[in-house]
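Below: one structure, written as structure tokens.
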Amino acid sequence: MTPQRHPSPARAWPSERPRVVVTGIGVKTPAGLTMAEVMRTVLAARSTAAPQDDLAEGGSPVHFACRVPEFDLDPYITRRERRQIDRPVELALCAAVDAVEQAGVSGLPSARVGVHLGTGIGGLPTMESNVRENHADPTRMPVHSVPRTMNNSAAARVAMRYGFRGSCVTYSTACASGATAIGEAARRIQYGELDVAVAGGFDAAVTAFMLTGFSRMRALSTRNDAPELASRPFDARRDGFVMGEGAAVLVLERRESALSRGAHIFGEVAGYATNADAHHIVAPHTEGTVAAACMAEAVADAGLTPADIGQINAHGTSTPANDSAEAAAIHRCFDGQAPPVTAVKGVTGHLMGGSGALEAAVSLVCAERRIVPPVANLTEPSEADRIDVAFGAPRSVDRAPVLSNSFGFGGQNVCLVLLPAT
């Protein structure tokens, strides 16, 4: 099949476009609280889905999810702050602190450091608990209700923690929010507006209300009797996604700045593209033509061709429609010659706004290690005639760029191209 080509719009880049590298990674996810833990879990293809008593007690028809394991908040957040922030912001702030400290950028000129985060849902836990516990009585609402539910609270808290006074922006492009934040932050650096950006995504929407809503849409897996087998991207027996929570934050920096500081470089954000299906509010375009164009533009933005890509970290939600549409898009973009494909959500579930950022981080590590993680629970590949999905065991590949896909409700398509460090 000949891929459908869409001309990319001309861009007025600086005469010498700066290279944007990653010098810090912080994660708080169901698969682990550090990238080392995440990679062990992902490479083992070990599902983190488990029963959740509060979901059953809250009346959700789905009683399982992927949650971040408990960890000590004291090194990150004071007890006073905890009264002022919601669960999603806790995760985002903790991940950001890890990333900033690892990168060593806390002392850089504050006006040249920005914070760009993405979330699909924001402060949902506080909204839901206020309605449930206070019976929607406005006189009983806690005093911190508004700052706890503001979608931009996480970005604001990170900026306040370190005094970063560059652009502080929150993006909401549904499940593509984290990838959007990384791509847009990279743009700010390339255009010379920032030297450094703290960028990523977060969400914590494991609530009875949210799971019931997705269940009504028939979007969630219903395997209450075997939750560990529920998330199975690109498998013939997939029946829906598994809700997860978490945050992943990267520190992006001009390569020259990172080298001058002697910072460790994890890799490079080399390509970014975004477009919209303009098709349906929740369903993807079945032929994948617009998503394929987004992939092609991201690859071209990195100065590469599809043949240069060594692996693809798919959005891979484990829903019948989305996996099929993404397989069609990959097949179309790569003219039937796509490199190996993986999908992290078989392990972590769907982190919503945090998923694209985590998958970008995993892509960087995989590019450096020359390895493709196997997809969890994949035993009967449904798209084998169109794409080559890794399963069973990790697969060794050549050192090469990775394409990371993120697609969200509303037809939001976002693609990143990540390079191993050079």
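The values are calculated or read from the model by the stated rules, or taken from the named source; none is laboratory data. What you see is a predicted model, and the numbers here were worked out from it, not measured in a lab. Cβ: placed from backbone, ideal geometry, glycine included. Neighbour counts: every protein chain shown. The protein model used for the area step is the full one, side chains on, heavy atoms only, and it has no ligands, DNA or RNA in it. Shrake-Rupley method; radii C 1.70, N 1.55, O 1.52, S 1.80 Å.
Being surrounded by 22 or more Cβ atoms within 10 Å (Cβ to Cβ) and touching a Phe, Trp or Tyr at 6+ places or on another chain (Cβ under 6 Å), is that true of even one residue in segment 336-349?
Among the residues of segment 336-349, not one is surrounded by 22 or more Cβ atoms within 10 Å (Cβ to Cβ) and touching a Phe, Trp or Tyr at 6+ places or on another chain (Cβ under 6 Å), which makes the answer no.
Could you check segment 1-116 for helices (runs of 4 or more DSSP H) lying wholly inside it with 3 or more residues that are at pLDDT 95 or above and in contact with a strand residue (DSSP E or B) (Cβ under 9 Å, 6 or more places away or on another chain)?
Answer list for segment 1-116: 35-43, 87-103.
Any residue at all in segment 179-189 that is at pLDDT below 95 and open to solvent by 10 Å² or more (accessible area, probe 1.4 Å)?
No: zero hits.
Collect the residues in segment 380-400 that are polar (S, T, N, Q) and more than 15 Å from Ile309 (Cα to Cα), keeping them in residue-number order.
Across segment 380-400, the qualifying residue is only Ser382.
Give the residues of segment 353-381 that are over 17 Å from Met35 (Cβ atoms) and either touching a His at 6+ places or on another chain (Cβ under 7 Å) or part of a loop (DSSP other than H, G, I, E, B) (or both), sorted by residue number.
Once the filter is applied, which keeps residues that are over 17 Å from Met35 (Cβ atoms) and either touching a His at 6+ places or on another chain (Cβ under 7 Å) or part of a loop (DSSP other than H, G, I, E, B) (or both), segment 353-381 yields Pro374, Val375, Ala376, Asn377, Leu378, Thr379, Glu380.
Here is a list of conditions, (1) under 27 Å from Ala199 (Cβ atoms); (2) in contact (Cβ under 8 Å) with a residue 40 or more places away in the chain; (3) touching a helix residue (DSSP H, G or I) at 6+ places or on another chain (Cβ under 8 Å), and Thr305 meets all of them except one; can you say which number that is?
(2)
Can you tell me how many residues within segment 21-34 are open to solvent by 10 Å² or more (accessible area, probe 1.4 Å) and farther than 22 Å from Val206 by Cβ?
1
Any residue in segment 241-258 that is buried (at least 19 other Cβ atoms within 10 Å of the Cβ), part of a helix (DSSP H, G or I) and either of a type outside the set (S, T, N, Q) or modelled with pLDDT of 95 or more (or both)?
yes
Report the residue count in segment 354-377 for those that are open to solvent by 10 Å² or more (accessible area, probe 1.4 Å) and out of contact with any Pro (no Cβ under 7 Å at 6 or more places or on another chain).
4
Kindly indicate the residue of segment 287-314 that is out of contact with any His (no Cβ under 9 Å at 6 or more places or on another chain) and assigned to a loop (DSSP other than H, G, I, E, B) and also surrounded by the most Cβ atoms within 10 Å (Cβ to Cβ) among those meeting that condition.
Ala314
Yes or no: Ser231 surrounded by 17 or more Cβ atoms within 10 Å (Cβ to Cβ), more than 30 Å from Ala96 (Cα to Cα) and of a type in the set (Ser, Thr, Tyr)?
It is false that Ser231 is surrounded by 17 or more Cβ atoms within 10 Å (Cβ to Cβ), more than 30 Å from Ala96 (Cα to Cα) and of a type in the set (Ser, Thr, Tyr).
May I ask you to verify whether Ser231 is more than 27 Å from Glu383 (Cα to Cα) and touching a residue at least 24 places away in the same chain (Cβ under 8 Å)?
No, not satisfied.
Within segment 190-205, track down each residue that is open to solvent by less than 10 Å² (accessible area, probe 1.4 Å) and either without any contact (Cβ under 8 Å) to a residue 60 or more places away in the chain or in contact with a Lys or Arg (Cβ under 8 Å, 6 or more places away or on another chain) (or both).
Gln190, Leu194, Val196, Ala197, Ala204
Against the condition small (Gly, Ala, Ser) and either surrounded by fewer than 24 Cβ atoms within 10 Å (Cβ to Cβ) or touching a His at 6+ places or on another chain (Cβ under 6 Å) (or both), how does Ala384 come out, does it pass?
yes
Could you give me the residue pairs with C-beta distances under 8 Å whose first residue belongs to segment 158-175 and is closer than 22 Å to Arg82 by Cα, whose second residue is part of a loop (DSSP other than H, G, I, E, B) and open to solvent by less than 40 Å² (accessible area, probe 1.4 Å) wherever it lies, and which are 6+ apart or on separate chains?
Note: pairs meeting the criteria are Val158/Phe164; Thr170/Thr119.
Give the residue, chosen from Ala226, Ala263, Ala329, that is over 17 Å from the mean Cα position of the chain (by Cα), at pLDDT 95 or above and surrounded by 23 or more Cβ atoms within 10 Å (Cβ to Cβ).
One residue alone meets the criteria, Ala329.
Any idea which residue in segment 119-171 is modelled with the lowest pLDDT, counting only those that are closer than 30 Å to Val196 by Cα and among the hydroxyl-bearing types (Ser, Thr, Tyr)?
The qualifying residue modelled with the lowest pLDDT is Thr149.
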